[in-house]
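Read the structure below first, then the notes.
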Amino acid sequence: MSAPRLHVLVPCAGVGARAGAAGPKQYAPLAGRPIVAHTVEAFRALGRRLATLALVVAPDDAFVEQVLPDFPRAGERLLRVGGATRAATVANGLRALAAAGAGAQDWVLVHDAARCLVTPALVERLVADCADDPVGGLLALPLPDTLKAATPEGRVAGTLPRAGKWLAQTPQMFRLGTLAEALAQAGDAITDEAGAIEAAGLAPRLVPGSAQNFKITYPEDFALAEAVLAARATTAGARRIP
């Protein structure tokens with residue numbers, strides 16, 4: 001058997017209404033570039049490690065060619081098969097990858113389009129930790145804050161122990177065939193791929209991520225993301241100074 005290949009699937013069909021952007025949040029500007037452009041750049045930096053970098057957009061998406069005029073390049077695919085939910089978008093994307101030649105044993109890294117601060121180093125960490133794992137896994141962070149349960153009226157119902165609780169991030173890395181089957185069984189209610197894998201009775205590996213690998217969700221997240229990008233640019237510039 002040939003070695004399993006690595007494919008990246010970026011669901012890019014959502015609206016992201018909580019972000020307060022005029023259109024789909026993944027296309028909103030961040031530090032002079034669309035959010036999704038930062039995401040694509042992080043995965044392009046992995047070069048030939050990836051067999052495919054695929055964006056899954058809505059069939060009627062009228063923005064993607066404008067904001068990403070150089071996509072797709074060689075080894076990249078623009079898949080206009082996005083669905084009404086994240087689960088449907090990912091499932092449709094997996095079918096499109098399979099139809100294009102991806103194997104059931106190939107690894108697929110599913111990553112949020114709006115989680116644009118991911119770094120190649122984080123992706124490499126996930127791949128290294130999961131390449132020999134029988135299930136696969138996801139980037140995640142141990143819960144750092146006190147966790148409260150709420151009543152329907154918005155009052156505290158209790159304090160929950162945070163020990164052993166993690167915040168899920170992306171990428172999430174699973175075998176294409178396993179993930180496709182798990183999504184088909186779990187339906188549209190799941191909010192991440194690991195949830196579908198868990199519903200199938202499997203236990204994904206938790207790989208430490210980064211607090212900087214957050215998803216842009218609310219209006220204030222834009223300023224925080226710009227601050228992170230500015231700090232990275234300053235650090236990179238300092239390294240280039242002889």
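The numbers here are math on the coordinates, done by the rules we state, and not lab data. Keep in mind that this is a model prediction, so the values were computed, not measured. Every residue, glycine among them, receives a Cβ derived from its backbone with ideal geometry; neighbour counts consider all protein chains shown.
Before moving on, here are some points about what is shown:
- Index of the failed condition, G93 passing every other in (1) assigned to a loop (DSSP other than H, G, I, E, B); (2) of a type in the set (G, A, S); (3) at negative phi: (1)
- Taking region 107-142 as the range and being among the acidic types (D, E) and under 27 Å from K25 (Cα atoms) as the test, the residues that pass are D112, E124.
- Residues of region 122-147 classified as closer than 15 Å to V8 by Cβ and touching a Cys at 6+ places or on another chain (Cβ under 9 Å), total: 2
- Index of the failed condition, A182 passing every other in (1) touching a residue at least 24 places away in the same chain (Cβ under 8 Å); (2) crowded, with 18+ Cβ neighbours inside 10 Å: (1)
- Residues in region 42-75 that are in contact with a Cys (Cβ under 9 Å, 6 or more places away or on another chain) and either part of a helix (DSSP H, G or I) or among the hydrophobic types (A, V, I, L, M, F, W, C) (or both): A42, L55, V56, V57, A58, V64.
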